[in-house]
Structures are given as C-alpha cells and as structure tokens.
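Some notes on the structure that comes next.
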C-alpha cells in the first residue's frame, strides 16, 4: 500500500496497525549505507556486543541520549544546507 498523499510517511493501514499494536515497521526508512555508518555508534551505546550473540538476550533495546545533536555520521537531507 502506498502513502495516503504526498508528504505522508505512513499509510492508513500502517497508522491503524500502530494504534492497534503499539509499533510500526518502517521499511526502507533510510539507506543501508546510513545504517552501516551508524552501527559503531549504536553498538557503543548498548551493553550487548556485536561479536557475541549470546549477549543479545533482550527482545529490544533503547538508546536514551538527549544531546540535542544529530547522530554522528548522519544528517537527514532535510537538514543539509543547500
């Protein structure tokens, strides 16, 4: 299903699923290259270790760092100077 109109990120079906389930899966929200650039930052802020799957015991993780700065290595195109 496509977005309901230009500028909308989620379809009505995705919004309904979020309301029902409490989460939404945003496929292709950013490029693979962006994810690869952010991996070192993410792993540095988690107690789990990337090379030790036996440490991956939690069903999910959250990084709480409110620095007011963008994530290192990534700036969304909207915020880039023209």
Filter result (within 23 Å of residue 10 (Cβ to Cβ) and part of a loop (DSSP other than H, G, I, E, B)) within the range 20-53: 22, 23, 24, 25, 26, 27, 28, 29, 30, 31
Residue pairs meeting the criteria (Cβ under 8 Å; at least 6 apart or on separate chains; first on the phi < 0 side of the Ramachandran plot and assigned to a loop (DSSP other than H, G, I, E, B), in the range 54-71; second surrounded by 10 or more Cβ atoms within 10 Å (Cβ to Cβ) and modelled with pLDDT under 65): 70/76
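The values are calculated or read from the model by the stated rules, or taken from the named source; none is laboratory data. In this text, all values refer to a predicted model and were calculated from it rather than measured experimentally. Positions of Cβ are backbone-derived with ideal geometry, glycine not excepted, and every protein chain shown enters the neighbour counts.
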